[in-house]
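The values are calculated or read from the model by the stated rules, or taken from the named source; none is laboratory data. For clarity, every value in this text was computed on a predicted model and none was experimentally measured. Virtual Cβ from ideal backbone geometry, glycine too; neighbours counted across all protein chains shown.
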């Protein structure tokens with residue numbers, strides 16, 4: 001019996017150190033709680049539309065100005081950017097079905113000299129009364145007011161503002177029909193102003209939105225009368241000739 005007790009005690013002594021090792025391993029492998037914060041995406045700076053809204057002159061093809069959706073009485077260079085859509089284009093209101101709804105928004109650019117002013121203007125515009133053979137229509141389409149982080153977004157308006165310095169005198173125009181927001185800046189030796197002007201109201205947005213840079217040689221500031229002179233020469237064309245069964249006018 002004494003031999004059996006001795007063997008049992010030895011076995012117990014052999015087990016206990018291994019138990020301690022197991023506890024020690026558990027203690028070593030236990031990880032502390034970690035709080036991991038995922039990177040936060042930067043806020044969206046431009047209108048919540050599908051498509052590329054940034055004006056990239058070097059990538060946009062030149063088109064005949066008689067096909068452009070923004071024209072001027074003065075001859076200039078016309079370019080076409082990627083078309084865009086808003087997320088409302090496939091939605092309906094009331095009992096009207098969304099089937100057949102579309103939202104074809106043209107994005108065209110005009111570079112032109114108007115009097116003493118060098119102008120670069122782009123328009124987002126759609127035809128709210130377009131009718132196609134597939135009975136699709138643009139009635140649920142609209143364009144948002146444009147920039148969402150003014151005045152910072154003005155600095156990336158086009159190639160002229162990307163060279164701009166000495167940004168000053170920002171004036172917010174609001175989001176009503178016909179509203180205008182402006183900011184002055186300098187580009188080389190030219191005095192410039194960047195402008196956003198909103199077109200007619202349509203549903204939750206507008207039929208067109210124009211962004212423009214207006215520059216002149218020398219330092220005198222560009223006033224509201226100068227801006228009106230330029231915009232009186234710019235004409236957005238609402239009618240979309242592509243696949244439209246409705247006659248213009």
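This table checks each residue for (1) surrounded by fewer than 15 Cβ atoms within 10 Å (Cβ to Cβ); (2) within 19 Å of the chain's Cα centre (by Cα); (3) at pLDDT 95 or above.
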{"site": "129", "(1), (2), (3)": "yes, no, no"}
{"site": "141", "(1), (2), (3)": "no, yes, no"}
{"site": "154", "(1), (2), (3)": "no, yes, yes"}
{"site": "162", "(1), (2), (3)": "yes, yes, yes"}
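Is there a residue in region 170-178 that is buried (at least 20 other Cβ atoms within 10 Å of the Cβ) and touching a helix residue (DSSP H, G or I) at 6+ places or on another chain (Cβ under 9 Å)? Within region 170-178 (the criterion being buried (at least 20 other Cβ atoms within 10 Å of the Cβ) and touching a helix residue (DSSP H, G or I) at 6+ places or on another chain (Cβ under 9 Å)), the answer is no, since none of the residues qualifies. The condition of being surrounded by 13 or more Cβ atoms within 10 Å (Cβ to Cβ), modelled with pLDDT of 80 or more and within 17 Å of the chain's Cα centre (by Cα) holds for only one of 80, 89, that being 80. Of everything listed in (1) within 30 Å of residue 104 (Cα to Cα); (2) free of Cβ contacts under 8 Å to residues at least 40 places away in the same chain, the single unmet condition for residue 194 is (2). The residues of region 164-182 that are more than 19 Å from the chain's Cα centre (by Cα) and not in a loop (DSSP other than H, G, I, E, B), listed by number, are 165, 166, 167, 168, 169, 170, 171.
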